[in-house]
Structure formats: C-alpha cells, structure tokens
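Asker: What follows is a single structure, and I will ask about it in a moment.
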Amino acid sequence: MNERELLLDIQDLTIHYETEAGRVRAVEHLYLELGYGETLGFVGETGAGKTTTALGIMRLIPSPPGAYKGGKIIFRGEDLLAKSEAEMRSIRGGRIAMIFQDPMTSLNPVMTVDRQIAEMISLHRDVNETEALEQAVRMLEVVGIRPERAKDYPHQFSGGMKQRVVIAIALACDPALLIADEPTTALDVTIQAQVLELMKDLKRQYNTSMIMITHDLGIVAEICDRVAIMYAGRVVEYADTKTLFERHVHPYTEGLFNSIPDLEEDRDELKTIMGLMPDPTNLPTGCSFHPRCPYAVESCSRETPAFVEIEPGHRVACPVRAAAEKNGKERAS
Amino acid sequence: MLKYIFRRVLSLIPVLIGVTFIVFSLLYLTPGDPARMVLGDQATEEAVQQFRVKEGLDDPFIVQFVRYVGKAAFKGDIGRSYVTKRPVSDEILSAFPSTIKLAAFSVIIAICLGIPFGIISAIKQYSLFDSITMFFALVGLSMPVFWLGLLLILLFSVRLGWFPSSGFDTFSAMVLPSVALSAQVIAIVTRMTRSSMLEVIRSDYIRTARAKGQTEGKVIWRHALGNALIPIVTIVGLQFGHLLGGAILTESIFSIPGVGRLMVEAIKMRDYPLVQGGVLYVAVAFSIVNLLVDLLYAFVDPRIKAQYR
Amino acid sequence: MSTQTVQKRRSGIMEVWHRLKKSPMAVVGLILIAVLFIMAIFANVIAPFTYSKQNLMHAFESPSSAYIFGTDEFGRDIFSRIVYGARISLQVGFIAVGISMFIGGFLGAVAGYYGGKIDNTLMRVMDILLSIPSILLAIAIAASLGPGLFNLMIAVGISAIPNYARIVRGSVLSIRGQEFVEAAKAVGSSDLRIIFKHIIPNCLAPIIVQATLGVATAILTAAGLSFIGLGIQPPIPEWGAMLSGGRSYIRDYPYMTLFPGLAIMITILALNFVGDGLRDALDPKLKR
C-alpha cells in the first residue's frame, strides 16, 4: 500500500507568521501524502492551519508576515520550495489549481466571467484571445452554466453559480492537483449538495487528484479516499477513510467523531471536546492537544509526539493511544 | 441611462433654489447698505434712496427672493453687477476660463503623480518608499496653499526669476499657481490611491488571480487597479468640483482673474447680484461635476451601471 | 451589566492609547500639540515682548539674538506674535470644531435615528450646504457676520456642519438596526436615552478622527480667511493675518512670511499626524 506512487509528498513543513502579537505557528512539522488520482480529506477546526497549508503548497503565503521555516513540498518528484517564482507561476493554475472558500468574493467584480476563465487558459496554453474565450465558454458549459451568460459579471450570478464559475477557472487547464478550500461552506445546504456532486463528477472526468479541505466528516465519508486530521498546525492522524472511520486512534479524532450527532444512539447531550483551540502564538509544550486530552499522561506535556505508522498507511501522533491500541490487538490475537 | 441623467438634473432644481435661499439670507443679514457701498460716501441721500428703489432693496425679503428666482429660471437673468454694471453672467463667464484652466492643470498633475505614487506605496507597504511618500503626502496636506504659493513666488520668481509671480496668460505664468494648488490634491489622491489599493490587494479575487499563475504586475494592473479606481475617481471628481468653485486663495495670491477672486472682491464690495450669481454658478458647476463622476462610475463598475436604469 | 460595559470601554480606550503610542508620527504630533498648548496658555511668560508692542526704531530687523524671528514693519517681535498667535489658532480650531460637531452631530443623529421625512429634509439641507465649497461658505458667513474672532469661529464652524451630520447619520443608520438597540427599545428606553446611551458612544470613533482632522481644517480655513482680510483684524496676531501682512515685503524681508507659515504648517501637520494615528488605532482593520 505504501508503494503507491505519490503526486504530493509534504515532509516536515513548517510555516510561521510573524505578527505584532507574536509568532503564529500556523503549520508545524507537517507530513502529508497524496497519491495519483486520490482524494484526500483535510479535516480540522478553524484556525488549525488547513488554509495555510493549502496556500503553502501554492507558494501563496503572504510574505511578510508569513515565512517557510523548513520542510519540503515534493510535487511529482520535485520540491516546490526550491522552485523559482517564474517556475511556480506556470505550476499555479497549470498543475495545481485552487478553489477558495467564498465564491462571493473570489471573483473579480469588474470583469466578465468568460474573461476570468480565459485569463487562466491564455496563461497556461498556447492560444490566442479568441480561442481562450471560446474554451472559457466551453468550460462554463462543463460546470452547467449556459453559454449566453458568459458575458455576465459575477454580481449577476447566485452564490452556487459563482462557485461553479470558480470551479470552471480551476479546472480550465486540467490541473494534476486540485485544492478545494471548504468549497461549500459559504453555500446554502441544498446548493452544497449540487456543487459537491459536480466536483465529484468532474474529478472523475478530469482524473484530477484532490485535496478537500473541510471540517465536515460527512463530506469526507462521501468523497474522500484518505483523511488527514489536523490540529494546531500538525497532522495528528492520517489513514484511508474506511480505517479512520472504523479505527481512529488519536484522542482528537475521537473527539471529532464523538461530537457528531448520531440518530441511532439516544444521547441527551453531545460529547464535545473540552477546552478551546490553543492560542497559535502560544502553543502548549509537548503535544499541543494534551491540555484537552482525556488520555494525557505526564510525559505528554514534555515530549512532542512522533508521527508513527501503527499499521500500513495509518499514522498517528499519539504514543499513548498507539501503545494502548497495540496492546489491545495483541491481547485479542 | 438617459432617464437617470434626467432624474439627476431634475433633482438639481431644489438644491439650486436652496443655495439661492441660503445666500440670499446671508446677504440680507449682512450689515451695511449696499446702496451706500456702491455709490460711495459722497452720494446724496436722495441718490441712495433712488438706487434702493430701482434695485428693489426695500421690498420684503421673500419678494426679493421670489423675484430673483423667477427671473433666473424663466429669463436666465441673474442681474447686473452693482459695481461694473455688466451682467453677472458675463462677469462669471469671463472669469471662468482661468479658473477651469487652473483646476484642470492641478488635477492633471495630481493624477499623474498621485496615482503612481499611491500604487507603489501600497504594493510596498511599510517600505522606506512608502514611509517617505506618506510623510510628504501629509506635509502636502498640511501646507497652507497661500504659504506654499508665497514660498514658490519667493524662490522661483523673486530669487531665480524663472516664472512670473502673477497673471495667467502664458504657459510659464500658469506653472507656479498650478503647482501650488496641486500640492494638496496630489497628497489627497496619493493617500486615497494607497488606501484603496491596500484594501483591494487583500481581497480574495486578487488571491484567485495569483492562484491562476498570473504575474504580479498584471495582477495589479488588470485586477487590482480596476477595482481600486472607484474611490479614486470619487475623490478626484470632488477635488475638481471644489477647484471649479474657484481656488480662492491661490487666485488671490497669484492675481489670477478667476471666479474665486471675483467672488472675494464681490463679497468685499457688497456687490450682491455678483455674489448670488457666483455662488449659484459654483453650486451648478459642482453638481454637474458630481453627476459626471457618478456617470463615470458606470464605466468603472458594472455593479453600479446596473443601478442606473 | 453596566459596570461591565464601563470597564470594557475603559480598557478599549487603553487599548487605543496603547496602539497610538506605537505610531512614532502620532507621538510626535501629540508632543507638538502639547507644546502649542503650553505656548498658548503661558504666552505672556514665554513671549519676550507683548504682541502689540511697536518699536519703529527696530522695524524690519532680521532674525537675531534679540528678535529670534525678526521684527515686522512696526518693529513688533515676530516670535512673540507667533506665540500669542497659538492662542488664537487653537481657540478658533477647537471652538469651531466644537460648534460643528455639536450641531452637525445632533442633526445627523436625529436624521439617522428617526429616518423618513425628517431624515430626508435634513439631509437635503446638508446636500445644499455641501454644494457650496466650505471655504466659500465660510467667506460668505464671515462677510455677513463681520470681522472678529468670535464671528470667525462661527463662520468656520457652520461651514463644516454637514461633514459631521453625514458621519453621525451614517454611523447611526448602521447601529440603529443592531440588536442591542432593538433590545433597548423593547424594554422601553426613551428615544433620547437610546441616542445618548447607546448610539452616540458607539459612533464616537469616526467622530473623534474627523474632529482631530477637522481642527486642522478649521485652523487652515481661519488662517485663509484672515489672509484675504475677512477674518481677524490687526493688531491681533493671527498667523494668517501675519502672513498677509508680510506678503507685501516678501521681496526684501522673506522671514516675515516664513515663520508664520511655518507655524501654521507645523500645527496642521501635528494634528494630521494625530488624526491619522487615531484612525489606525481606532480601526486596526484598516491598517493591516
């Protein structure tokens, strides 16, 4: 299973922001793998560093205040952090495309939608203006927008339609990797399902790999092959979707699952994770989760947990639970 | 669009009547007898009385006001200057070219300098360039135009003798007044461009453009500037409108025969018809510029265009 | 509940002060303004001469150790006149802004709070006033009131009323619909109580910024009016009037125009520094 060919392999990535309030450790020693054709769910609370990781892959971290403090982002065997800005420009949009969270604000309000799509096409393909515009109209059809609306401005579209335009831009140059940053959060529930369905279809059609940033485990169950759970700048658990749903190990992951309402189980109260996300300028020592963790032992506040593989393709950053799991298994066998 | 313009022009009418009313009230309350002012101390009491009757100065306030508005609206007649006896409209029209030239030059200088400096300042926020530009913009904003004018005269006219210190007929005569007047406008345009750009640069669609792999130059030029332009257009329009009302102090320092100086002289001489006509002109000019600015929005922003139906 | 809000507000002010201190320009501005106030209050101690003492024997003396800024055509000490002039300018600036802030703020609050016809009428009147450039309006008012310090304040004050009315109206409109105001209405607070207790404190930030910059504009306008002879009359040492007086001698005695102008510029610059600093401190969103 580990022999699969990796499209993206993030190793030990660290990104910090220097702000007036102090150093924000947005991403800390992060590991992440994505195989060709896979969809990875990237789950965590707001502020866990998911968007920073996504922008980090695109090399779009605003600097200052942001800075890469170490690590590698291996994309198709090459480290993106070693690329020049010009090389990155041809990768952005052409190889890696991104869909942002809020379609209301991610389109330029004073430019017609066909031109916004055509801009992407003419940047990465050898076509003239007219051809780019023609292809843009075709892309609009692909995402289910009638060609006669090509000359409309963003404000003339609804939220769901705008997100379709954003998707059209992202897929216009057939990227190898699509990063979708909570693409449905800003939309109405009924529209969410439509947009998600569209993305699923297009992903298959274009054979794109995808990172789906979300905090909705329902979406993960529906479309993701693998899941990475992120907490306070680190990936704390990584597994294929089935494994993660059946045998999650990390206490934070457990907390996430416990806080989902379950209709079959008759509970009066949802179990929530106690405490709040730590202040990113002042993370707890050792394991960042230990102050909120019901399983924490004394060493958790001292030693930063290693991210270890407990079974093929399943990695966890919690030595306490990993050991308990192992013991449990040994006793069972 | 035409309907919108028509509506706007129509809505000008109450504003102009209001302006006339305010000026009328102010002049009515002003101490001193205009008849005496105009005719001089030597004039006989009889002559003064005759003048008052002829000009209707003894009529009640409301009668004078209605008569003035009626004449202005239906005959286009806004009276004659007490001092020169020429029609007020002629006086204003002959002062207008100097004023519009001065205003246009200053605004053009401000656009050519203010917008580029503002853009670079925003892109390089917190850099040395940004700090220096912002400091000088604030100095420009704080410089009294009449003092700057005098300093320019002192240096370039008295000491160096490069430019004349008064008049507005030749190109070289226009240089000093335009520079003096533009200092503040440059400062305002620079600051507005910077803050508007800063806001736009942080918006999501700029990130989208970068995520497409667009070059930084084109991100600024194609995406940021178009969106940042709206408040810049507003401020430039507003400034131009104000300058059309006569750069009173600048015109007075450089002895430019423009509308501003005309107004100050008229106020000092109690030349009521000229003051009324002048303020009316200023209000009209200002409102027209505002209308043009609003129409210009439609070309900059499709969202606003949609509202103009 | 009320002690809690008071505490919150106080810590808010401390927070603003803390941020203001971080801007070197704002600190320089504050220091300069403090110096100006000291000059104004202790003018009779600081100035070596009185502002009106003539000494024709010493007319047109260039800056020297006796007269550090030189003397004017009547042999009056320019430095002393500038020190006394701080009194005039600060008075005009602050009182004029007080007038426009009070009247404009009240009109704006009423218009925004009641809306409908009252709002329409008031804002129409403000539009009319705004369609006359404020300096021209100030000139017309100054001319009709006649010269003098008090009239100058009124003229400058009235001409700026629409600015405050608009700001307050805008803030009120945005605050009026918010829940805490609805809540106050629901428990039967009177209109006046709501305006003073809830709405005015909440739109203070933009008003404070506008007022700081407004003092600068008022001083500039007043100096401009005096410069063209419609403001304060001699021998009162108004900076604009001094500039105007020195203008005739610019060829031979440029220092006569240099120093009063410098005084105006530094004052305005200081106020603008503080105004900018306050705006950033009150609304850190704008800065980042």
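The values are calculated or read from the model by the stated rules, or taken from the named source; none is laboratory data. All values derive from a computational prediction rather than experimental measurement. So basically every Cβ, Gly included, is an ideal-geometry build from the backbone, and we count neighbours across all protein chains shown. Accessible surface areas use protein heavy atoms only, side chains included; no ligands, DNA or RNA. Shrake-Rupley method; radii C 1.70, N 1.55, O 1.52, S 1.80 Å.
Asker: Which whole-number percentage describes the relative contact order of chain C, with Cα contacts under 8 Å and a sequence gap of 6 or more?
Answerer: Details: 410 pairs, mean separation 70.9, N = 288.
That works out to 25 percent.
Asker: If you don't mind, there's one more thing I want to ask. Pick from C:Ser89, C:Ser80, C:Ser248: which residue has the top mean-square fluctuation in a GNM of chain C where Cα pairs under 10 Å get a spring?
Answerer: C:Ser248
Asker: In addition: Relative to the first principal axis of the alpha-carbon coordinates of chain A, what is the inclination of helix A:189-206, with its axis defined by its Cα atoms, in degrees from 0 to 90 and to the nearest 10?
Answerer: Between the helix axis and the principal axis of chain A, the angle is about 80 degrees.
Asker: Suppose every K and R has +1 on its Cβ and every D and E has -1 on its Cβ; what is the size of the dipole of region C:140-244 about the Cα centre, in Debye to the nearest 20?
Answerer: Values: 6 positive and 4 negative charges, 50 e Å.
I would put it at about 240 debye.
Asker: Enter the buried accessible area of the C/B pair, total of both sides, probe 1.4 Å, in Å² rounded to the nearest 100.
Answerer: Details: alone 15520 and 17090 Å², together 28670 Å².
Using a 1.4 Å probe on protein heavy atoms, the buried area is about 3900 Å².
Asker: Still on this structure, please answer the following. For the protein assembly as shown, with all protein chains present and a 1.4 Å probe, just round the carbon and sulfur fraction of the accessible area to a whole percent.
Answerer: Working: 25720 of 42620 Å².
That fraction is 60 percent.
Asker: Which Cα, out of C:His198, C:Met123, C:Val16, lies furthest along the positive dipole direction of chain C (beta carbon charges, K/R +1, D/E -1)?
Answerer: With unit charges placed on the Cβ atoms, the residue in question is C:His198.
Asker: May I ask you to list the aspartates and glutamates whose Cα is less than 17 Å away from that of C:Lys21, ignoring any residue fewer than eight positions away on the same chain?
Answerer: Once the sequence-local aspartates and glutamates are set aside, what remains near C:Lys21 is A:Glu20, C:Asp276, C:Asp280, C:Asp283.
Asker: Once phi is turned into ³J(HN,Hα) by the Karplus curve 6.51 cos²θ - 1.76 cosθ + 1.60 with θ = phi - 60°, what whole-Hz value does each residue of region C:73-79 show in order, with x for glycine and proline?
Answerer: In residue order, the calculated couplings are 5, 9, x, 7, 6, 5, 4 Hz.
Asker: So, one more: State log₁₀ I(q)/I(0) for the protein assembly as shown at q = 0.06, 0.10 Å⁻¹ as given by the Debye formula over alpha-carbon point scatterers of equal weight, solvent excluded.
Answerer: Reported log10 I(q)/I(0), two decimals: -0.58, -1.21.
Asker: Something else now. Give me the 1.4 Å probe accessible area per residue for region C:105-236, excluding ligands and nucleic acids, in Å². If you can, show how the numbers build up before the last one.
Answerer: Values: 5400 Å² over 132 residues.
For region C:105-236, the per-residue accessible area is 41 Å².
Asker: Here is a further query. Tell me which residues come under 5 Å, amide H to amide H, from A:Thr19 once H is placed; ignore anything under 5 positions away on its chain.
Answerer: The answer is A:Val24.
Asker: Just to confirm the number: angle between the C-alpha axis of helix A:159-171 and the first principal axis of chain A, 0 to 90 degrees, nearest 10?
Answerer: Around 90 degrees separate the two axes.
Asker: Just from its helices, what would the mean residue ellipticity at 222 nm be for chain C, if runs of 4 or more DSSP H residues each count -39500 (n - 2.57) and the sum is divided by every residue, rounded to the nearest 500 deg cm²/dmol? Each step should come with its number before you reach the end.
Answerer: On the way: 13 runs with 206 residues, N = 288.
Result for chain C, helices only: -23500 deg cm²/dmol.
Asker: Further question on the same structure: Round to the nearest 10 and give me the degree value, 0 to 90, for the angle of helix A:113-124's Cα axis relative to the longest principal axis of chain A.
Answerer: That helix lies at roughly 80 degrees to the long axis.
Asker: Here is a follow-up. Averaged across the residues of B:136-145, what count of C-beta atoms belonging to other chains lies within 10 Å of each residue's C-beta?
Answerer: 6
Asker: Continuing with this model, one more query. Once a ≥ b ≥ c are taken as the square roots of the eigenvalues of the Cα gyration tensor of chain B, is the result rounded (a/c under 1.5), prolate (a/b larger than b/c) or oblate (a/b not larger than b/c)?
Answerer: Numbers: a/c = 3.27, a/b = 1.67, b/c = 1.96.
Cα axes put chain B in the oblate bin.
Asker: Report the longest stretch of chain A that contains none of the GluC sites (Glu not before Pro) sitting in a DSSP loop with at most 14 other Cβ atoms within 10 Å. Mind showing how you got there, number by number?
Answerer: Details: sites that count: A:Glu3, A:Glu5, A:Glu20, A:Glu264, A:Glu265, A:Glu269, A:Glu303.
Value returned for the longest uninterrupted segment is A:21-263.
Asker: Report relative contact order for chain A in percent, whole number only (criteria: Cα-Cα under 8 Å, sequence separation at least 6). The partial results should precede the final answer.
Answerer: On the way: 600 pairs, mean separation 66.6, N = 333.
Answer for chain A is 20 percent.
Asker: While we're on this one: Using a probe radius of 1.4 Å on heavy atoms only, what accessible surface per residue do you get for chain B? Whole Å² is fine. Walk me through the intermediate numbers first.
Answerer: Numbers: 14040 Å² over 309 residues.
That works out to 45 Å² per residue.
Asker: Now for a separate question. Which residue, B:Val185, B:Val69, B:Val88, tops the fluctuation ranking in a GNM of chain B built on C-alpha contacts under 10 Å?
Answerer: B:Val69
Asker: Please check: in the Gaussian network model of chain B (C-alpha springs, under 10 Å), which one of B:Ser89, B:Ser142, B:Ser166 has the largest mean-square fluctuation.
Answerer: B:Ser142
Asker: Please tell me the relative contact order of chain B in percent, rounded to the nearest whole number, where contacts are Cα pairs under 8 Å and at least six residues apart. Each step should come with its number before you reach the end.
Answerer: Details: 352 pairs, mean separation 78.8, N = 309.
With pairs under 8 Å counted, the relative contact order is 26 percent.
Asker: Distance from the Cα centre of region A:289-326 to that of region B:206-240, in angstrom?
Answerer: 49
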